[in-house]
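Below is one structure, written out as structure tokens; comments come after it.
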Amino acid sequence: MFDLPELRRHIPLAVALGVDSIGTGISGPLLLLFLTRVADIPLQQAGLTLSATFAVALVVPALVGQIVPRLGGRNILIAAQVLQAVGLGGLLIARDLPAVAACTLVAAIGQRAFWSSVFSVIADASDSGPAEDKDRWFAFTNMVQATGYALGALTAGALLLIPGDLPYLLAIGTNAVCFVVSAVLLLGDRSARRTGAADAAAPVRAHRIPTLPYLGLIGVGALFAFCSTILGSGLGVYVVDGLAAPAAVVGPLLAINTILNALGQAFAVRLTRRRSRVTVMVIAGIIWSVWGVCTAALGLAPASLIIPGLALSVLVYSVAELLHGPRSLAYAADAAPPGQRSTYLSWFQYSFALANIAAPGVFAATFGVDPGLPWIVTSVVALVACLGLVLVARVLPREAARP
């Protein structure tokens, strides 16, 4: 069932990504509560502070894209972990708004630098094996990160059983320690000498901005990423306010999605190994499109079918995620020009950043019109993404779309 890549030289990298995700899973759900309950920042100010720091950090992928060929993806990844550790560590002692804002900005910059360099590091690790290992590597690391985040989220839930401020302090402190441990593990990764090797092996004239076809791929990637983000953004509101279903079902539904992502990506790659990456991504988009229509139709279903329908909806949604995730990252890596993979993958981070910004706002705006409208919009976005991918694939290297 699990078609894993060659890992012998990269155990520290795999463990480092798992440790990072565990820490993020612990503190991520509790960060806003930490700011309001421990740092005593009013909710509106806390939310605005987080949004502002995340917005400022959007410049990071472009900056990382310029320096990663010279410094190496692994070194930037280590620096990113240190920045996140410093930012979260500072939150343990920061109690006024300027200090909190400074700490969250440092952590946000580190987080964006992490995502701007980790794809390059994973792609470099995949170079030590056969060509088909690239898809397996992205599937495997997605599984590791999903599993780690799930374990962290469960730990966060357990911490909340402790009264007072201690759960939030433990969550933030534990995540800071996890970032430090992750950085140390990355220092010991045997792939260190290979990081950036693919870029160094084929020196060409560097582009400060990706070529137009690759920018098109980033735009298409943002549409697909919107589809993969919308469930987490809106499921809770849809269940409670749109379907009048019990709020208690939201956690188990999201857990189904997390578990399937943690366990199923390598199997999905193996199952579709004879299909081109573009074909598999288009199939995922079509599944998302059908999923959106069916999810919107739950508003017309009898009450007895709501919860079974939601469970089926999440299963279908997860299948699309399993098909799309590793294939899209592998395609983005191989579609980059020779010698510029690390730079282009840093820019590819914008597809996720834009989706994360757009999904909550689009959901809120359309849900106010009709509870089923966000899912219809998602269906349309998925179909546009499929069409866009087919068009962009024509002007990108054909070998990047190989099975």
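Convex hull volume per residue, computed on the Cα atoms of the chain, equals 131 Å³. Counted over region 280-340 with a bin width of 5 Å, the fraction of Cα pairs per bin, in whole percents, is 4, 17, 21, 16, 13, 10, 7, 5, 3, 2, 1, 0. Probe of 1.4 angstrom, ligands and nucleic acids ignored: what's the accessible area per residue over region 1-125, in square angstrom? Solvent-accessible surface per residue comes out at 40 Å². Computed extension length for R273-V380: 35.8 nm, one decimal, from 0.36 nm per residue of separation with the Cα-Cα distance subtracted. Mean projected area of the convex hull spanned by the Cα atoms of region 19-163, taken over all viewing directions: 9.4 nm². Over the chain, what percent of the accessible surface lies on carbon and sulfur atoms, probe 1.4 Å? On the chain, the fraction of accessible area on carbon and sulfur atoms equals 71 percent.
Ligands, DNA and RNA are left out, and with a 1.4 angstrom probe the accessible area of region 324-372 is 30 Å² per residue. When the P(r) of region 256-368 is calculated, the portion above 18 Å amounts to 63% of the C-alpha pairs. Membrane-span-like helices in the chain, defined here as complete DSSP H runs extending at least 18 Å along the helix axis by their C-alpha atoms with mean Kyte-Doolittle hydropathy no lower than 1.6, are 166-187, 212-237, 277-297, 373-393; this is a sequence and geometry rule, not a statement about a membrane.
The values are calculated or read from the model by the stated rules, or taken from the named source; none is laboratory data. It should be emphasised that the depicted structure is a prediction, and the values quoted were computed from it without experimental measurement. Side chains are part of the model used for accessible areas, which takes the heavy atoms of the whole protein and leaves out ligands, DNA and RNA. Shrake-Rupley method; radii C 1.70, N 1.55, O 1.52, S 1.80 Å.
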